[in-house]
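The values are calculated or read from the model by the stated rules, or taken from the named source; none is laboratory data. No experiment lies behind these values; they were computed from the predicted model shown. Using ideal geometry, Cβ is built from the backbone for each residue, glycine included, and neighbour counts are taken over all protein chains shown.
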Amino acid sequence: MTTPSATPLAGDAPPRFVPPAPRVKPVDPEPGRFVAAACLVGAIAGASLPFHELGLGMALTAVAVLTVAGWRLAEGRWRTFCLTAAGILALTPAYRAADWVVNWALLGAVLLAAIGLPAASSWREIGRAAWWWVAELLPASATLLIAARTAAVRRRLGAIGPVARGLLIAAPLVLVFGALFASADATFSALVDDLSRFDALWPTGMELRLSVAVAVTILVLALRAAARRERAEPAAAAATPGRILTRVEWGIALASLVGLFALFVALQLRVLFGDDDYVMRQAGLTYAEYARRGFGQLTAVAALTLAVLATVGARGPATDRLVRLLCAALCLLTLVIVASAWHRLSLYESAYGATRLRLQTHLALLWFAGTFALVLAAGAVHRGTLLPRAIVALTACLLVGFVVADPDRRIADTNVDRAIRTGSMDEQYTYDLSADAAPALMRLDARRRACPLSWLITSDRSIAGWNRARERANTLAASDPAAQFCAAHRQAPPGP
């Protein structure tokens, strides 16, 4: 009886070990000193934010959040730029009184910090960084509550991630569909109103201060955890996606689009940039009709063109000379269309006055123009890898410039100039402006400026609620007897 041979048969090979794809490594727990610093920032927020208007307390809290979240991280030019821009935006509550401007600034500061702390550079990294800190909110709250110290506990907390993401998905769905149900049924709407007025749902006093302190502490921990995440990605995710279309197919599609854009610009050039005389000569064409005609469509064209260019860069032969030339032509023609939209909006604004929505639309058009210019530049120098950071930097600079430009005051200046020129002014809209507009209102006659100026007087004189614009408005109102009279006999602003 023969003994079976242990030698493998010819052609057989021993099984080869295939290592698993790299994954995002769990983050080690933060040192106790950092957790203590985060709690200190939360305590400052709890003491300075509730029961005060947005002012110096909010600005200092936001700067403290950025400082602690970026504590002892490796320096780099990109991280330094993002955190510097975020810090400038975080100071906005100290010198701007318009809530809508402050909200945009604080949102921009958080997103810039989320991108800059992990030094995200590619579109994939920037996209992940934008939500990483949100995904870390629930684990950070659990870390704070039980003071996790070991990696094992941290790994257990990582299992909460799907729950956090599920809640984040559920929240907007419930809000959107709840609003639709409330608008469709009077009974459901009354239930929502009753719940919103139920005092037990809203914390007051010490409960509110404690809630704010905990929320800010969790925000610091979440930003820090997102910054320390490893950016290692599986090889399959890092691989270049396969192309679906060939050079010929992309060339035909882009050439057709370029031809359509060129035809539109050539035929509508006079309409795109028509002056005042041209508008008035057209039968039945008013300023409103001219400015509104196609404005939304032109803006949508710019947004869709960006989507086309992004698809070409991701799935098309972006290095092909013909494709690059067609993309450049598409960018140039789209810049003409963006300039047309800007011109139409400016005409409408000069005829009917400035508003916050129109000013924000100007900002959006500037962003489109700058983005297309960056795409052109990246294609010319063959440095497409720099485009994600360049667009983030453009967005940061535009947002900082928007805040520094004092939007409410610019709106008031434009409307006051129009009132001086034509004698017409939307006085009701003047009441909606913030204390930033006070210097512009002083250019009006006493009858028109007195009551709107009196509505800018604030009673919050605390250090936490101090704001440069409100302080200036109080000083101007105190020096105006008519404004003081209106403040003493204050009535509701005029209705529509």
> What do you reckon, is residue 314 surrounded by fewer than 16 Cβ atoms within 10 Å (Cβ to Cβ) and closer than 18 Å to residue 265 by Cα?
Replying inline: no
> Mind checking which residues of the stretch 72-83 are exposed (fewer than 15 other Cβ atoms within 10 Å of the Cβ) and either touching a residue at least 60 places away in the same chain (Cβ under 8 Å) or closer than 20 Å to residue 399 by Cβ (or both)?
Replying inline: 77, 80
>> Where the second residue is outside any helix (DSSP H, G or I) and modelled with pLDDT of 90 or more and the first is at negative phi and of a type in the set (Asp, Glu) and lies in the stretch 427-446, which pairs have Cβ atoms under 7 Å and are six or more apart or on separate chains?
In response: 436/96; 436/97; 436/98; 436/406
> Got a number for residues in the stretch 356-380 being buried (at least 17 other Cβ atoms within 10 Å of the Cβ), of a type in the set (S, T, N, Q) and over 19 Å from residue 314 (Cα atoms)?
Replying inline: 1
>> Among the residues of the stretch 339-355, are any closer than 30 Å to residue 453 by Cβ and loosely packed, with under 15 Cβ neighbours inside 10 Å?
In response: yes
>> Go through (1) touching a residue at least 60 places away in the same chain (Cβ under 8 Å); (2) surrounded by fewer than 17 Cβ atoms within 10 Å (Cβ to Cβ); (3) of a type outside the set (Asp, Glu) for residue 404 and report which single condition fails.
In response: (1)
>> If a residue counts only when it is modelled with pLDDT of 80 or more, which helices (runs of 4 or more DSSP H) contained entirely in the stretch 204-288 have at least 2 such residues?
In response: 206-227, 247-267
> Any idea how many residues of the stretch 448-491 are assigned to a helix (DSSP H, G or I), surrounded by fewer than 16 Cβ atoms within 10 Å (Cβ to Cβ) and among the hydrophobic types (A, V, I, L, M, F, W, C)?
Replying inline: 3
> Looking at (1) outside the structural domain of residue 350 (by TED's automatic domain parsing); (2) surrounded by 14 or more Cβ atoms within 10 Å (Cβ to Cβ); (3) at pLDDT 85 or above; (4) closer than 24 Å to residue 56 by Cα, can you tell me which one residue 417 breaks?
Replying inline: (4)
>> I'm told residue 126 meets every condition in (1) at pLDDT below 90; (2) within 16 Å of residue 224 (Cβ to Cβ); (3) hydrophobic (A, V, I, L, M, F, W, C) except one. Can you identify the failing condition by its number?
In response: (2)
> What number of residues within the stretch 379-393 are closer than 11 Å to residue 82 by Cα and not small (Gly, Ala, Ser)?
Replying inline: 2
